[in-house]
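Here's the structure we're looking at; comments come further down.
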Amino acid sequence: MEENKLILAIESSCDETAAAVVRNGREVLSNVISSQIDLHKLYGGVVPEIASRKHIERINQVIEEALEEGEKTLEEMDAIAVTYGPGLVGALLVGVAEAKAIAFATKKPLIGVHHIEGHISANYIENKKLEPPFICLVVSGGHTHLVRVADYGTYEILGKTRDDAAGEAFDKVARAIGLGYPGGPKIDKLSKEGNEKAIPFPKAKVNGSPYDFSFSGLKSAVLNYINSCEMKGEKINEADIAASFQKAVIDVLVEHAMMAVRDFGSDKLAIAGGVASNSGLRTAMEQACVENGIEFYHPSPIFCTDNAAMIGAAAYYEMKKGVLHGWDLNAVPNLKLGER
């Protein structure tokens, strides 16, 4: 008999209020996202207190929309899933409190999901045949992780950033050249008009930790270049800066991913997280995979940025392993991948 498990998933770790109905971890019946980007643009980045208040205002409506769009009722759900870390503590608390209330009222199992595990699991939604083990590069505003996915819910962190995450560096450089927030999509767009070889920005390596990343020095190099041009009265070409900066980031991400794939004898590589929607990264990674005979997987852009469908996908495999949570589930803003 074919399994038919429905999960209502909730995501509120940063500035998107999202809910989704997911069947069997792979089929998305609905995926509703209420973004706060236009609001936070006014401040040049996410303001935690404002994000929390907006989650409270929108979460009930978003869940109702997800159930309506999925043509399902709460009674038909087999479990309630929610992101409980990492993220902004106030934002996380809104989602966790909501999920616990719904699970308690409906007597449904409660599943807390790690945000990064959700991003990795986004690859299962459209790539029906993808199964562990594989290597996954997670790149977002708050995280840059190179992960070996040994099995569903079983992860080995091979490398991570020592300072700025890749997405954080994108935002800071975008602000420096006057593009505003969010920086990633704007740099990606502007870089298409520039010469990626115009400025030789540095690519950092971490001694003794070949899989680790460091983007702070690159960010500083861009700021120093801009300051130097201004002091000399030289005209700044924003497109060249964007293209050269983006290439420096992408080159490091691709090099590290290919190194991990070779070292662990994997023939599958996936990317995940908000920066995984960057067109330059997707093109460069796909080319590298073709050259090395590696199968390349990536979610559609809508499943790269924060969403609840990815949380539902991850929750399904947690439920299959018997991982459930009690009413003491709490927000854990610094939750490490692999922790329960």
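Between N207 and F264, the FRET efficiency estimated from the beta carbon spacing at R0 = 25 angstrom works out to 0.75.
In the chain, Cα pairs under 8 Å separated by at least six residues give a relative contact order of 25 percent.
Between the C-alpha center of segment 222-284 and that of segment 138-197 there is a gap of 8 Å.
If you take all other residues with their beta carbon under 13 Å from the beta carbon of V149, and give Lys and Arg +1 and Asp and Glu -1, the sum is -2.
Local charge for H55 was computed over the other residues whose Cβ lies under 14 Å away, with Lys and Arg +1 and Asp and Glu -1, and equals -4. For segment 287-326, a Kirkwood hydrodynamic radius built from all Cα pairs, placed in the Stokes-Einstein relation at 20 °C and 1.002 mPa s, yields a translational diffusion coefficient of 169 µm²/s. Highest mobility in the GNM of the chain, judged by mean-square fluctuation with C-alpha springs under 10 Å and restricted to I236, I311, I120, is found for I236. Out of all DSSP beta bridges with both ends in the chain, state the antiparallel percent to the nearest 5. Expressed as a percentage, antiparallel bridges in the chain total about 60.
Within the listed set T283, T161, T83, the residue fluctuating most in the Gaussian network model of the chain (springs between alpha-carbon atoms under 10 angstrom) is T283.
Convex hull volume of the Cα atoms of segment 32-175, normalised per residue: 139 Å³. Each Cα pair under 8 Å and six or more residues apart adds its sequence gap; the mean of these over the residue count of segment 133-299 is a relative contact order of 27 percent. Each peptide in 12-23, 184-195 receives the mean, over its residues, of other Cβ atoms within 10 Å, and ordering these scores from highest gives 12-23, 184-195. How charged is the neighbourhood of C289? Take every other residue with its Cβ under 14 Å from the Cβ of C289, and add Lys/Arg as +1 and Asp/Glu as -1. It works out to a net charge of -2. For the residues K232, K197, K41, a GNM of the chain with alpha-carbon springs under 10 Å puts the largest fluctuation on K232. Every Cα-Cα pair in segment 234-340 was counted, and those over 25 Å apart are 42% of them. Diagonalising the gyration tensor over the Cα atoms of the chain and scaling each eigenvalue by 5 before taking the square root yields semi-axes of 35, 23, 16 Å, largest first. When the alpha-carbon atoms of segment 133-299 are used, the pair Rg, Dmax equals 16.0, 56 angstrom.
Values in this text are rule-based calculations from the coordinates and carry no lab data. This structure is a prediction, so every number in the text was calculated from the model and none was measured. Neighbour counts are summed over all protein chains in view; Cβ atoms, including those assigned to glycine, are modelled from backbone coordinates with ideal geometry.
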